[in-house]
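Here's the structure, in structure tokens; my notes come after.
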Amino acid sequence: MNSVETMTQAARGMHDILPGKSADYLKIETAARRIFSLFGYREIRTPMLEPLSLFERALGQTTDVVEKEMFTLKDRGGRTLCLRPEGTAGVVRSFIENSLWKKSPLVKLFYLGSMFRAERPQKGRLREFAQIGSEYFGNDSPAADAETIQLALEILGSVGVRAWELQLNSIGCAECRPQYQALLLKFLRKQFTQLCSNCKNRIDKNPLRALDCKLDREQLAGVPESQNHLCPRCREHHEQLKKLLSSARVAFKIVPHLVRGLDYYTRTVFEIYPSGKTGSQDALAAGGRYDTLVQDLGGEKVPAVGFAMGIERVLNFLDEQGIETVENKKRGQAVFVAALGNDSIEKSFQILSQLRAQGWEAEAVLNNQSLKSQMRLADSLGMKFCIIIGEDELKQNVVTLRDLNAQSQEKVPMAELFARLKKESK
Ligand code: HAM
């Protein structure tokens, strides 16, 4: 491909969010902000570029994200940075760096923004995608896990996703996981020759990753399940969470092999899918508890739990279901000002300015186009009213007010225009 073509194409896996679509993003973001505020979460904004070492340490060296999907670069000082592939590690770094736990024992944060993973681009897998997420620090109760799950479901429900499947598992803690991992490794070693090359390389360092492998599903029949090897405290946590969810009428499905693709999780892990659609590119949101990450990254011992939702995944799903998105909606009360002839341009511009100053969504081109083409334009923009100002209107000090939906029009004295618009738009 020559350089001109390259220059006018977005980078592989990156997408423009065009007007209309951007309104859909705003709709989800606005709904999320309202719900976060109800649940007591406050916004945090962390850098898109972070040290690579942060993610290697937090997500784990043997995860797909760190091994294969990082966008890395060197800054002028020779430091290796990367575009953040997810939000949790940066939020935890900021939590430690800014000693947020000293200000309050409970810290509830949310974030919205782009994440970057150099995956093979395909439907539901972008190289830049937008996440909405939350992180709740300082509460080791299963009630915090339940709240996090409820928060994700509330946001999904508020934008129209009502039929979902919540998959849940517990992967234990530093106390019980080593014994479980040893059992798992023993099982995987017996299957060694049949495992994919990726798993062969990883199982000694991190046997849990094999449970997340898309290629080795068939090799895993009869694999030991973490839920059967939990220590009493993890078991109690898991049982209590299930009770809390049931009491809040949140349906869940225990999926014993669910481990998630990131290494920082302890105890609870969960994923939310549209019901009946549980492929690896379908998860709308996912998360879990990470009680040791703050300490692992150099902070105090602070338990935490969180989730993140992929906005594009949610929008794709709403599109597929034919659920109305903002993009398809008309501009409810918008007014188009059509000027006929040079002499009416000034008056039209004045009315356009007054309309906007009074809070009306108003548009005009004022470039001597024919009335027909101005009407066509008003229609394509989804306007409700059109104000037409020509020679006659100027002489009589009136405007022609046309309702583009009802296809009716009448002359209205200039002085009554705003009162009339208000009345008509009710
Ligand atoms: P994750 O499962 O890697 O978790 O991502 C969360 C959500 O982001 C996924 O369920 C999906 O909707 C969306 N997503 C992930 N990768 C892509 C992609 N390449 N293209 C489009 N959408 C994508 C995390 O990121 C964790 N930080 C969640 C978390 C927060 N755990 C605790 N706190």
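The values are calculated or read from the model by the stated rules, or taken from the named source; none is laboratory data. In this text, all values refer to a predicted model and were calculated from it rather than measured experimentally. Neighbour counts are summed over all protein chains in view; Cβ atoms, including those assigned to glycine, are modelled from backbone coordinates with ideal geometry. Ligands, DNA and RNA are excluded from the accessible area calculation, which covers all protein heavy atoms including side chains. Shrake-Rupley method; radii C 1.70, N 1.55, O 1.52, S 1.80 Å.
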Step through the residues of the range 336-347 one at a time and calculate ³J(HN,Hα) from phi using the Karplus curve (6.51 cos²θ - 1.76 cosθ + 1.60, θ = phi - 60°), rounding each to whole Hz and writing x for Gly and Pro. 9, 10, 10, 9, 10, x, 4, 5, 8, 4, 4, 4
Which of the lysines could a cross-linker bridge to residue 384, judged by Cα under 23 Å and excluding same-chain residues fewer than eight apart? 21, 27, 329, 330, 347, 372, 411, 422, 423, 426
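Per 0.36 nm of contour for each residue apart, how much would the distance between residue 106 and residue 79 grow if the chain were fully extended, relative to their Cα-Cα spacing?
On the way: separation 27, 0.36 × 27 = 9.72 nm, distance 3.37 nm.
Net length gain for the segment: 6.4 nm.
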Kirkwood hydrodynamic radius, computed over distinct alpha-carbon pairs, for the chain: how many Å, to one decimal? 25.1 Å
Here the range 40-55 yields Karplus 3J(HN,Hα) values (6.51, -1.76, 1.60; θ = phi - 60°; whole Hz; Gly and Pro given as x) of x, 9, 10, 6, 10, 10, 10, x, 6, 9, 9, x, 4, 4, 4, 6
Against the longest alpha carbon principal axis of the chain, how many degrees, from 0 to 90 and to the nearest 10, is the axis of helix 232-247 turned? 30 degrees
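Need one number: % antiparallel among DSSP beta bridges in the range 310-426, to the nearest 5.
The antiparallel fraction comes to roughly 60 percent.
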Using alpha carbons only, how many angstrom separate the centre of the range 210-273 from the centre of the range 151-179? 9 Å
Straight-line reach from residue 103: which aspartates and glutamates have Cα under 19 Å away, leaving out those fewer than 8 places along the same chain? 43, 135, 140, 300
Interchain or long-range residues, amide H under 5 Å from residue 50's placed H: 82, 84
Let me cross-check residue 18: its accessible surface, 1.4 Å probe, with only protein heavy atoms counted, in Å² to the nearest 10? 110 Å²
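Cα-Cα over 20 Å: which of 102/301; 68/205; 68/214; 68/253; 186/253?
Working: 102/301 12 Å; 68/205 17 Å; 68/214 16 Å; 68/253 31 Å; 186/253 27 Å.
In this structure, 68/253; 186/253 lie more than 20 Å apart at Cα.
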Paramagnetic reach from residue 277 in the range 132-171 [backbone N under 15 Å; point 7 Å along Cα→Cβ]: 156-157, 159-166
At a probe radius of 1.4 Å, what is the per-residue accessible area of residue 123, in Å² to the nearest 10? 130 Å²
Computed label-point distance, nm, for sites residue 182 and residue 392 using a 7 Å Cα→Cβ extension: 9.5 nm
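Could you please put 7, 414 in sequence from largest to smallest accessible area, using a 1.4 Å probe?
Working: 7 145, 414 30 Å².
Accessible-area ranking of 7, 414, largest first: 7, 414.
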Comparing 385, 55, 192 in a Gaussian network model of the chain (Cα, 10 Å), the one with the largest mean-square fluctuation is 385
Rounded to whole Hz and in sequence order, give me ³J(HN,Hα) for the range 403-419 from the Karplus expression 6.51 cos²θ - 1.76 cosθ + 1.60, θ = phi - 60°, writing x for Gly and Pro. 8, 6, 6, 7, 6, 10, 8, 7, 7, 10, x, 3, 5, 9, 3, 5, 4
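When a/c is below 1.5 the answer is rounded, else prolate if a/b is larger than b/c, else oblate, so apply that to the range 92-189 with a ≥ b ≥ c taken from the square roots of the Cα gyration tensor eigenvalues. Show your work: numbers first, answer last.
Values: a/c = 1.44, a/b = 1.09, b/c = 1.32.
Note, shape of the range 92-189 comes out rounded.
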For the chain, accessible area per residue (1.4 Å probe, heavy atoms of protein chains only), Å²: 50 Å²
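Taking the Cα centre as origin and putting +1 on Lys and Arg beta-carbons and -1 on Asp and Glu beta-carbons, what dipole magnitude results for the range 245-370, to the nearest 20 debye?
Working: 13 positive and 15 negative charges, 93 e Å.
Charge dipole of the range 245-370: 440 debye, to the nearest 20.
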Cysteines having no other Cys beta carbon under 4.7 Å from their own, within the chain: 82, 173, 196, 199, 213, 234, 386
Let me know the shape class of the range 13-169, please: from the alpha-carbon gyration tensor, a ≥ b ≥ c as square roots of the eigenvalues, rounded when a/c is under 1.5, otherwise prolate if a/b is greater than b/c, or oblate. oblate
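With +1 on the Cβ of every Lys and Arg and -1 on the Cβ of every Asp and Glu, and nothing else charged, how large is the dipole of the chain about its Cα centre, in debye rounded to the nearest 20?
720 debye
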Express in Å², to the nearest 10, the accessible area of residue 267 obtained by rolling a 1.4 Å probe over the protein heavy atoms while all chains stay in place. 30 Å²
Calculate for the chain the 222 nm mean residue ellipticity that helices alone would give, adding -39,500 (n - 2.57) per DSSP H run of length 4 or more and normalising by residue count, nearest 500 deg cm²/dmol. -10500 deg cm²/dmol
Ranked from the most accessible area to the least, with a 1.4 Å probe and all protein chains present, what is the order of 100, 168? 100, 168
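Can you put 21, 411 in order of accessible area, largest first, using a 1.4 Å probe?
On the way: 21 55, 411 105 Å².
If we order 21, 411 from most to least accessible, we get 411, 21.
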